[in-house]
1. If you take the square roots of the eigenvalues of the alpha-carbon gyration tensor of the range 1-53 and sort them as a ≥ b ≥ c, do you get rounded (a/c under 1.5), prolate (a/b over b/c) or oblate?
2. When the Kirkwood radius is taken over all Cα pairs of the range 6-125, what Stokes-Einstein diffusion coefficient follows at 4 °C and 1.567 mPa s, in µm²/s?
3. What are the aspartates and glutamates whose alpha-carbon lies under 15 Å from the alpha-carbon of Lys3, with same-chain residues fewer than 8 places away excluded?
4. What's the tally of Lys pairs in the range 24-135 whose alpha-carbon atoms lie under 28 angstrom apart, where the two lysines are 8 or more places apart or on different chains?
5. Can you tell which of Cys37, Tyr93, Ile7 lies farthest toward the positive end of the dipole of the chain, using +1 and -1 charges on the Cβ of basic and acidic side chains (Lys, Arg; Asp, Glu)?
6. Arrange the following residues from fewest to most other Cβ atoms within 10 Å of their Cβ: Thr72, Thr12.
Amino acid sequence: MKKSDLIFVYGTLMSGFEGPCAVFLRKNASLLGEASCSGYLYRVSWYPGLVLSPEALAFGELYKIKESSEVTFWATLDEYEGVDPMLLVGDEYIRQQIDVRMDSKMLTAWTYLFTGPKKGKPIAGGRFYPDKSAL
């Protein structure tokens, strides 16, 4: 599989969030637009987790990583998501390339998939909105 220069984000890294890592993402990648993938979003805590499944759609945003910042880009995001940059796995997430749909095109993008225990029901509608009381 060809290494992608795209990243699909579906939670606290999306536009509208102002955390340091979300701001870093927007400085080092260009927003292409809304995208979706096959999967469920679960509310893990104040943040979501994506679990792939052909039975549902999860929505987020697709970004193109600026070539000049690729090394620091992945180091920063992997640290934020708790993922070992050599193994691409962590306690809650794994970084993996997946198929995403934007407009009518299928593209390959990196994302962080949730590997922890799924508690409760998936997020209705497949779109993450922050729980303001948890922030």
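Only the coordinates and a few stated rules stand behind these numbers; no lab work does. These figures come from a predicted structure and were not determined experimentally. Note that each Cβ is placed from the backbone with ideal geometry, even for glycine, and that neighbours are counted across all protein chains shown.
1. oblate
2. So the translational diffusion coefficient is about 90 µm²/s.
3. Reachable aspartates and glutamates: Glu67, Glu70, Asp99.
4. Summing the qualifying lysine pairs gives 9.
5. So the residue we want is Cys37.
6. Ranking Thr72, Thr12 by Cβ neighbours within 10 Å, fewest first, gives Thr72, Thr12.
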